[in-house]
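Notes follow once the structure below has been shown.
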Amino acid sequence: MPDSECILKTRSLTKRYGSITAVDSLDLEINRGEVFGLLGPNGAGKTTTTLMLLGLTEPSAGSASILGWDCTRNPISVKRVVGYLPDNMGFYAHMTGRENLRFTGRVNGLSEKKIEERIKELTERVGLSEAIDRRTGGYSKGMKQRLGIADILMKDPEILIMDEPTTGLDPEGTRALMELVRTLSVEEHKTVLISSHQLFQVQQVCDRVGIFVKGKLEASGPIGELGRQLEQSGMYTIEIMASPGGEPLLDLIRGVEGVEEIEPEHDVLLVRSSTDTRYPLMKALIDAGFRPEHLRQRGSDLDEIYRRYFDKGGDSHGTDDVAKAQKRFGRKVRA
Amino acid sequence: MSQKPRSASAGKYERDRRARSTGFSALYHKELADHVHSARFYIVFSLLILTSAAAFAGALSGMQAAIQQSPDFIFLKLFTTSGNSIPSVASFLAYLAPLTGIVLGFDAISSERTQGTLNRLASQPIYRDTLIIAKFMAGFTVILVMSLAIGVMVVGLGLVTVGVVPGPEEIARALIYLIYTAVYMALWLALAIFFSVVCKHAATSALIAISIWIYMTLFHSMVSGIIGNLVFPVNGITGLDNLLNNYLLSLNLSRISPYYLYIEAISIILNPNMRALFVASQQAVSGAIAGYLSLDQSLLLIWPHLTAMLAAALTMFGISYVKFIRQEIRA
């Protein structure tokens, strides 16, 4: 089992661009063998954080260290043990996948024999064996991403930092990628830091997640724990649906004691309250002659956690969803 | 199981030196291979070879007249003689050398950026300057090889067609000329690399570099002349007094252009008959023995040109180096 040795640590890491604070005194500790998900919307400062971890950007204040090496002062040592998969990883289009990997191996100072061995092993592992001798100019996004994974594994890093690794991948590609991450973590005790805004896709593989909004780490911990934290802070979200729906149903729910906000989402209504209103809701529905079709308390899944923290951070997350639902239901309803 | 964290200081310098050299050699070899396999290398190289061959053919037709004028250093005349309204090998090279440098360097950094490979390189354990040094060195290697190849071609054709065997001094002069040409190309390479660092798009960088090339080669002397005439008019009552100043100002302004500097230098090095680059007074010329300058005297004459060109190339590279190091690599 992975021990709890702290492998990556940031201490009040801050980055300012002029008057904008991209990362605001971030304190992060990641242990060996852990998969950590840094989740947040676009522009939250995730990429800036990863760049500072690699010493590519200088922090305005604070420090970051990996395996005891200061990321700003000793970037070469850090880069020797860190594999970084950037958002838009590129390859030399005129070279084949194999030549690209070989080049990375050489830059890392591996012996030619070792390079060929690792290329063989890694291409099989990421499932790119038949395309490896084609020029990367013709690769699809998914193939490029797989080649990117192979590329950062060439140097056999101890830590993998992936910036939005699932962007542009189909569901099958995402699943395979997440499985690979899991294997790397469990079988090889690699430490993985995934930064993403696609929570569902990374949710299953992360041991811990950090919610990162506007440069601030709003919360971090195992997903279940984050859910419990929310419950304790007195926020309940209940999904409900009953027939017949429409305006009378909304009126009824609005009348139930404790209900603070109703928001249509896809086929259900989301009812927010500070107390547990499940029973009063059910009772009211049955008393009024509605037939309940669906009732579930949300809160334990990441989406809700994420949404909640975004709201706290003052971010209007999920506007698209709301807009779509509003079209369907006619208007946004507030109690 | 898990490893212990390594000690941060032990062998750090040794490792860093190793990182620098492995990173450099990997990048240098890749860049060299890229150049040699690229279509643009073939295009520019065949352009140089073909124009040189054409100019050589022209030189052969004008050779007889040139030899009648002065029968020595026939071999060097292969470079400088023009005939049949075709410019000489040397002047063709002077026109096209900048293009070679620009073609090899205009997208050096910007292509890495647009391809997304700069990110990838930046996350490897290499120093960032290794990249730009490797690019410049690989480009310079290609340039040097091209320049020497043209020299060898002219020597070979000269042996076959004219049958003259170059003497040691001629070989030395030709060699200096070719290396100087390579340095001149390197200046343009450095300039092109600079624009590839500064400009986002390769096309912008290429266009700027090409317009500078055209200006420096074709128009700069005219502008210098105009400025000279404005400051020191040569007509009117003070015209005679201004004559020397006018000439000096125009000359010095012209020398800002690397093209002019290059032309001056190679005309001395390829023609031992040329004795001065500057106005010589009647007194200085009278009593001078008509003869050729020896190699060291020719070199002495153009030493400032050689060092200035080298300094310009290195300074230009230095500027792009600093610019690149300071740039932030954003994903």
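Count, please, the residues in the stretch A:130-139 that happen to be within 29 Å of the chain's Cα centre (by Cα) and surrounded by fewer than 13 Cβ atoms within 10 Å (Cβ to Cβ).
Within the stretch A:130-139, residues that are within 29 Å of the chain's Cα centre (by Cα) and surrounded by fewer than 13 Cβ atoms within 10 Å (Cβ to Cβ) number 2.
Of a type outside the set (D, E, K, R) and either surrounded by 12 or more Cβ atoms within 10 Å (Cβ to Cβ) or at pLDDT 90 or above (or both), is that true of B:LEU230? Outline the logic, then answer.
Values: of a type outside the set (D, E, K, R): yes; either surrounded by 12 or more Cβ atoms within 10 Å (Cβ to Cβ) or at pLDDT 90 or above (or both): no.
So B:LEU230 fails the test.
Please go through the stretch B:302-331 and pick out each residue that is free of Cβ contacts under 8 Å to residues at least 24 places away in the same chain and within 13 Å of chain A (Cβ to nearest Cβ).
Selection gives B:ARG326, B:GLU328, B:ARG330.
Whether any residue in the stretch B:104-126 is basic (Lys, Arg), closer than 21 Å to B:HIS37 by Cβ and touching a helix residue (DSSP H, G or I) at 6+ places or on another chain (Cβ under 6 Å) is what I want to check.
No - not one qualifying residue is present in the stretch B:104-126.
Could you tell me which numbered condition A:ILE132 fails, if it satisfies all but one of (1) within 25 Å of A:ARG182 (Cα to Cα); (2) within 11 Å of chain B (Cβ to nearest Cβ)?
(2) is the only condition that A:ILE132 fails.
Enumerate the helices (runs of 4 or more DSSP H) found wholly within the stretch A:194-274, keeping only those where 2 or more residues are touching a Gly at 6+ places or on another chain (Cβ under 7 Å).
Once the helices (runs of 4 or more DSSP H) in the stretch A:194-274 are filtered for at least 2 residues that are touching a Gly at 6+ places or on another chain (Cβ under 7 Å), what remains is A:223-232.
For residues that are within 14 Å of chain B (Cβ to nearest Cβ) and touching a residue at least 24 places away in the same chain (Cβ under 8 Å), scanning just the stretch A:107-129, find the one that is farthest from A:LYS141 (Cα to Cα).
A:LEU110
Filter the stretch B:184-235 down to the residues that are free of Cβ contacts under 8 Å to residues at least 12 places away in the same chain and among the aliphatic types (A, V, I, L, M), then identify the one that is nearest to B:ALA265 (Cα to Cα).
B:LEU218
What residue, among those in the stretch B:113-146 that are among the charged types (D, E, K, R) and surrounded by fewer than 22 Cβ atoms within 10 Å (Cβ to Cβ), is farthest from the other protein chains (Cβ to nearest Cβ)?
Checking each candidate, the answer is B:ASP129.
Tell me whether the stretch A:4-15 contains one or more residues that are more than 13 Å from chain B (Cβ to nearest Cβ), among the small types (Gly, Ala, Ser) and touching a strand residue (DSSP E or B) at 6+ places or on another chain (Cβ under 7 Å).
Yes, the stretch A:4-15 has at least one match.
Answer with yes or no whether A:THR104 is at the interface with chain B (Cβ under 10 Å from one of its Cβ atoms) and closer than 30 Å to B:SER38 by Cα.
yes
How many residues are on the phi > 0 side of the Ramachandran plot and facing another protein chain (nearest Cβ under 10 Å) when one looks only at the stretch A:38-70?
Counting residues in the stretch A:38-70 that are on the phi > 0 side of the Ramachandran plot and facing another protein chain (nearest Cβ under 10 Å) gives 3.
Name the one entry in A:GLU172, A:GLU179, A:GLU187 that is within 14 Å of chain B (Cβ to nearest Cβ) and outside any strand (DSSP E or B).
On the way: A:GLU172 fails: within 14 Å of chain B (Cβ to nearest Cβ); A:GLU179 fails: within 14 Å of chain B (Cβ to nearest Cβ).
Checking each option against the conditions leaves just A:GLU187.
Of the residues B:THR80, B:THR100, B:THR114, which is closer than 20 Å to B:VAL160 by Cβ, touching a residue at least 24 places away in the same chain (Cβ under 8 Å) and of a type in the set (Ser, Thr, Tyr)?
Testing whether each residue is closer than 20 Å to B:VAL160 by Cβ, touching a residue at least 24 places away in the same chain (Cβ under 8 Å) and of a type in the set (Ser, Thr, Tyr) leaves just B:THR80.
Condition first: buried (at least 21 other Cβ atoms within 10 Å of the Cβ), more than 9 Å from every other protein chain (Cβ to nearest Cβ) and in contact (Cβ under 8 Å) with a residue 12 or more places away in the chain. Can you find one or more residues in the stretch A:85-94 that meet it?
no
For the stretch A:71-79, indicate whether the set of residues that are without any contact (Cβ under 8 Å) to a residue 60 or more places away in the chain, away from chain B (no Cβ under 11 Å) and surrounded by fewer than 23 Cβ atoms within 10 Å (Cβ to Cβ) is non-empty.
Narrowing the stretch A:71-79 to residues without any contact (Cβ under 8 Å) to a residue 60 or more places away in the chain: A:71-79.
Restricting the remaining residues to those that are away from chain B (no Cβ under 11 Å) gives A:71-72.
Those left that are additionally surrounded by fewer than 23 Cβ atoms within 10 Å (Cβ to Cβ): A:72.
For the stretch A:71-79, residues without any contact (Cβ under 8 Å) to a residue 60 or more places away in the chain, away from chain B (no Cβ under 11 Å) and surrounded by fewer than 23 Cβ atoms within 10 Å (Cβ to Cβ): present.
The values are calculated or read from the model by the stated rules, or taken from the named source; none is laboratory data. Treat the numbers as computed from the prediction; the structure is a model and nothing was measured. When we count neighbours, we look across all protein chains shown, and the Cβ atoms used for this are built from the backbone with ideal geometry, even at glycine.
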